[in-house]
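Since the structure comes first, as structure tokens, the remarks are kept for the end.
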Amino acid sequence: MTDAAPLAVFGAGGKTGTEILRHTVRKGIAVRAFEHTLPEPSDRVDNVEYFQCDVLNDDFSSELEGCRAVISALGIGFSPSTTIDPPPLYTEGTRRLVEAMSTTGISRIVVISAAFVEPQPSVPAWFELTARPALHNILEQMRAMEDLLERAKGLKWTAARPGWLLDEPYTGEAVITDERLAEGCFRCRHADLAAAMLEFVCENTWVNAKPAIARPEADRFENVSALKAEFGID
């Protein structure tokens, strides 16, 4: 597959997915955006071809024909119901992506996992005591997704492990380390994660690896109050 072939981005309407599309278009790379519910026309990224797709139920192999790689920004929103019984987007969804890739001759995939599937020495104790237990079922799904990718034959995969995601502008200063977050790094901006994932594909780096991605942030983004505000906890 040539570098002129388009990339396929799943979960393209989410925060990270949208940032991936923006980075891709700025680099002049053709891209096909797959999303369960298509964004309103005013919310779409220009020069992107959009497809409505339910990865758990639809056959999307024909739409993948001719793509050079898949970037999965599929994710599960935080709510009481999803933390207790998360839909199988990371497991079944990724399995179906891999099957469709096999059918269409695509071998490269980059997915979003999380740094917190493994113990992280740099993570604040309060986060380990509050957020990790709440996210246990989602993190277990991510761990199972990583296992699925590792077992797949002939697949060139990358499981990006961002820190606690932050909706702030792109910096280009993310620190990327093998499997565990760098010292002093806890949070990862959606836009920085998107740029890293695109780089992994375009430069063919971190193949069959689990790069952790984050950067130091101001205390107002990392303290207990920030966690409560973003999780909707009083």
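Of the set (1) under 23 Å from Pro121 (Cβ atoms); (2) open to solvent by less than 60 Å² (accessible area, probe 1.4 Å); (3) of a type outside the set (A, V, I, L, M), all apply to Asp219 but (2). Within the stretch 8-27, no residue satisfies the criterion of being without any contact (Cβ under 8 Å) to a residue 40 or more places away in the chain, closer than 22 Å to Trp164 by Cβ and either open to solvent by 50 Å² or more (accessible area, probe 1.4 Å) or among the hydrophobic types (A, V, I, L, M, F, W, C) (or both). For Pro86, the criteria (1) surrounded by 19 or more Cβ atoms within 10 Å (Cβ to Cβ); (2) touching a strand residue (DSSP E or B) at 6+ places or on another chain (Cβ under 9 Å) hold in every case but one, which is (2).
I'd like to know if the stretch 135-143 contains one or more residues that are open to solvent by 10 Å² or more (accessible area, probe 1.4 Å), assigned to a loop (DSSP other than H, G, I, E, B) and touching a residue at least 12 places away in the same chain (Cβ under 8 Å). Checking the stretch 135-143: at least one residue is open to solvent by 10 Å² or more (accessible area, probe 1.4 Å), assigned to a loop (DSSP other than H, G, I, E, B) and touching a residue at least 12 places away in the same chain (Cβ under 8 Å). Residues that are of a type in the set (Val, Ile, Thr) and touching a Leu at 6+ places or on another chain (Cβ under 9 Å) within the stretch 102-156 comprise Thr103, Thr104, Ile106, Ile109, Val110, Val111, Ile112, Val117, Val123, Thr130, listed in sequence order. For the stretch 50-60, the tally of residues that are exposed (fewer than 15 other Cβ atoms within 10 Å of the Cβ) and over 19 Å from the mean Cα position of the chain (by Cα) stands at 2.
One line per residue, one yes/no per condition, for (1) in contact (Cβ under 8 Å) with a residue 40 or more places away in the chain; (2) within 16 Å of Met197 (Cα to Cα); (3) among the basic types (Lys, Arg):
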| residue | (1), (2), (3) |
| --- | --- |
| Pro6 | yes, yes, no |
| Ile29 | yes, yes, no |
| Arg32 | no, yes, yes |
| Asn57 | no, no, no |
| Arg68 | yes, yes, yes |
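Residue count for the stretch 61-76, restricted to those that are within 15 Å of the chain's Cα centre (by Cα) and open to solvent by 50 Å² or more (accessible area, probe 1.4 Å): 0. Residue under question is Ala212, and the condition is that it be in contact (Cβ under 8 Å) with a residue 12 or more places away in the chain, surrounded by 19 or more Cβ atoms within 10 Å (Cβ to Cβ) and not hydroxyl-bearing (Ser, Thr, Tyr); does it hold? So Ala212 fits the description; yes. For the stretch 116-134, the candidate set comprises residues that are touching a residue at least 40 places away in the same chain (Cβ under 8 Å), aliphatic (A, V, I, L, M) and open to solvent by 10 Å² or more (accessible area, probe 1.4 Å); within that set, the residue that is nearest to Pro86 (Cα to Cα) is Ala134.
Being among the hydroxyl-bearing types (Ser, Thr, Tyr), at pLDDT 95 or above, open to solvent by 20 Å² or more (accessible area, probe 1.4 Å) and under 20 Å from Ala191 (Cβ atoms) holds for only one residue in Thr171, Thr91, and it is Thr171. Filtering Leu149, Leu155 for residues that are in contact (Cβ under 8 Å) with a residue 40 or more places away in the chain and open to solvent by less than 10 Å² (accessible area, probe 1.4 Å) leaves a single hit, Leu149. Being more than 17 Å from Val110 (Cβ to Cβ), open to solvent by less than 70 Å² (accessible area, probe 1.4 Å) and of a type in the set (Asp, Glu), is that true of even one residue in the stretch 181-200? No, because not a single residue in the stretch 181-200 is more than 17 Å from Val110 (Cβ to Cβ), open to solvent by less than 70 Å² (accessible area, probe 1.4 Å) and of a type in the set (Asp, Glu).
The values are calculated or read from the model by the stated rules, or taken from the named source; none is laboratory data. Please read all numbers here as calculations on a predicted model, not as lab measurements. Please note: Cβ atoms are built from the backbone with ideal geometry, for glycine as well, and neighbour counts cover all protein chains shown. These area figures cover heavy atoms from the full protein model, side chains too; ligands, DNA and RNA do not enter into them. Shrake-Rupley method; radii C 1.70, N 1.55, O 1.52, S 1.80 Å.
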